[in-house]
Amino acid sequence: MSVLRIAGGSRLNGSVRVHGAKNSVLPILAATLVGSGESVIRNCPEIADVEAAFNILRHIGCTARRDGGEVVVGAADVTGCEIPHSLMREMRSSVIFLGAILGRCGKAVISSPGGCELGPRPVDMHLAALRELGADVSEESGNIICRCGRLRGAKITLRLPSVGATENTMLAACFADGTTVISNAAREPENSDLQSFLRELGVSVYGAGTSTVTVEGNRVKTGAEHRVIPDRIAAATYACAAAATAGDIEITDAEPRHLASVLSALRGMGCAVSVSHDRIRIAAPEGLSSLPPISTEPYPGFPTDAQAQLMAVSLKAQGTTSFIENIFQSRYAHALEMRRFGANIKIEGKVALVTGVAKLAGAPVTAPDLRGGAALVIAGLSAEGITEVSEPSHIDRGYECIESSLREIGADIERI
Ligand code: EPZ
């Protein structure tokens, strides 16, 4: 089993490029099923979750081939409609294929996604929306089985602004007769990027990025060419790494607007942050100050996917910062690991209280999940001595070779 070995104490310095957005390319790969031809996706990140999505596409009869950051998906012949447990297990968010497979095939069977490291991951909103579009949905022996004749447009209001439920509903609605209006839709940039791809496919869809998305179903679609937006959470991760090491870095190929809440928090801690249209410059002082409470919210609020990384920055900040995790039921596994560095963290339900300490000591830790693992790397960079992060495969799900990106900006990190 490999580990990431980090010798802490280096101030990060230099320029690092942000890869394409994981949470954008996954629904876009599912959206290739809306087309009946070949689609070309550029700036596609080379990460494990994308490989898992390719396996699903190939399993149902599509072709998927990669040439560096460019991916070509052929969706002319969809011969299957089932995602077996072995493939669902690889990536819980495979549920995002449900709406597109159902719309394309009239049937879709997936193994129930179950929970993950962040707690239960229900899909009730996904299934309720598909039922409102006319699907028959049942759950039998660990599988979710959806069937439909013709899907029909509907007015759907989501109980929560769920990113995945918004995307699944958008995709199924492409196949429905008539108009679908999704209210209380998620407003994340990844939803807007999915809308851009669907438009390039010829679908009449609008409103993504607001709380109301409208889709006119059943238009002629073939294939599309699309460049995926930058990964705002990867950019946030590198910015946090610079902040935690009194570093001075430039983050390129970024979309600063998409992580404004994270950059604002880092400025609040004392970092100098300047942005242009596609890059971020962040320079951090030796001593950072704590922040007023950080509450994770749907976009454009502070993203739950950057909570762990900002927590890593707060471990040595002057004073106490409280984190309130409102999106997922249990997203503090990284906090338990951070205590092994000597961090002072108290957890009470959805609140984590972090009181800065003078120094952190490197320690062996285990990545509990994707973003928690990245946060432990940040903590290791800012600790004195050696840190070993085991189970880096969690991190590889969402970051392109995190150690080489960090080495490029001066980190002493290797995979052994
Ligand atoms: C997406 O997950 C992202 N994943 C997550 O990123 C991200 O944390 C999350 O949105 C919130 O921004 C992808 O896009 C692949 P939700 P998703 O549906 O769609 C509950 C990462 O690290 N809920 O917006 O699963 C759910 O349990 C990952 O890159 C229901 O109750 O998130 C959660 O508490 C982690 N019923 C809340 O809503 C449902 O039917 C928000 O979940 C669906 C969701």
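The values are calculated or read from the model by the stated rules, or taken from the named source; none is laboratory data. Note that the structure is predicted; figures quoted are calculated from it, not measured. Quick reminder, even Gly has a Cβ in these numbers, built from the backbone with ideal geometry, and neighbours come from all protein chains shown. For the accessible areas, the whole protein counts, side chains as well, though only heavy atoms, and no ligand, DNA or RNA atoms are used. Shrake-Rupley method; radii C 1.70, N 1.55, O 1.52, S 1.80 Å.
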For 65, 121, 232, give the ranking by accessible area with the largest first, probe 1.4 Å.
-> 65, 121, 232
When all protein chains stay in place, what accessible area (Å², nearest 10, 1.4 Å probe) is found for residue 125?
-> 30
If you put +1 on each Lys and Arg Cβ and -1 on each Asp and Glu Cβ, how big is the dipole of the chain around its Cα centre, in Debye rounded to 20?
-> 620
Could you work out how far the C-alpha centroid of the range 7-65 sits from that of the range 226-293, in angstrom?
-> 23
If you keep only loop residues by DSSP, which GluC sites (Glu not before Pro) in the range 240-335 have at most 12 other Cβ atoms within 10 Å of their Cβ?
-> 286
For the chain, cysteines whose Cβ has no other cysteine Cβ within reach (under 4.7 Å) | 44, 62, 116, 146, 148, 174, 240, 271, 401
Mean separation of Cα contacts under 8 Å (at least 6 apart) over the residue count of the chain, i.e. the relative contact order in percent, is 21
The chain: calculated mean residue ellipticity at 222 nm from DSSP helix runs of at least 4, using -39500 (n - 2.57) | -8500 deg cm²/dmol
Tally Lys and Arg at +1 and Asp and Glu at -1 over the other residues with C-beta under 12 Å from the C-beta of residue 71: what net charge comes out?
-> -2
Beta bridges per DSSP with both ends in the chain, % antiparallel, nearest 5 = 70
Here P(r) for the range 22-227, Cα-Cα distances in 10 Å bins, as whole percents, is 10, 40, 40, 10, 0
Just how much of residue 36 is accessible, in Å², when a 1.4 Å probe is used and the result is rounded to the nearest 10?
-> 70
What net charge is computed for the residues neighbouring residue 8, neighbours being all others with C-beta under 9 Å from the C-beta of residue 8, Lys and Arg scored +1, Asp and Glu -1?
-> -2
Just need the relative contact order of the range 236-375 here, percent rounded to a whole number, with Cα pairs under 8 Å and 6+ apart.
-> 22
Net charge contributed by nearby residues that have their C-beta within less than 15 Å of residue 342 (K/R +1, D/E -1) = +3
When only Cα pairs under 8 Å and 6 or more residues apart are kept, what is the percent relative contact order across the range 22-227?
-> 21
Alpha carbon centroid spacing (whole Å) that separates the range 326-400 from the range 151-188 | 35
Quick one: order 107, 22 from most to least accessible surface, probe 1.4 Å.
-> 107, 22
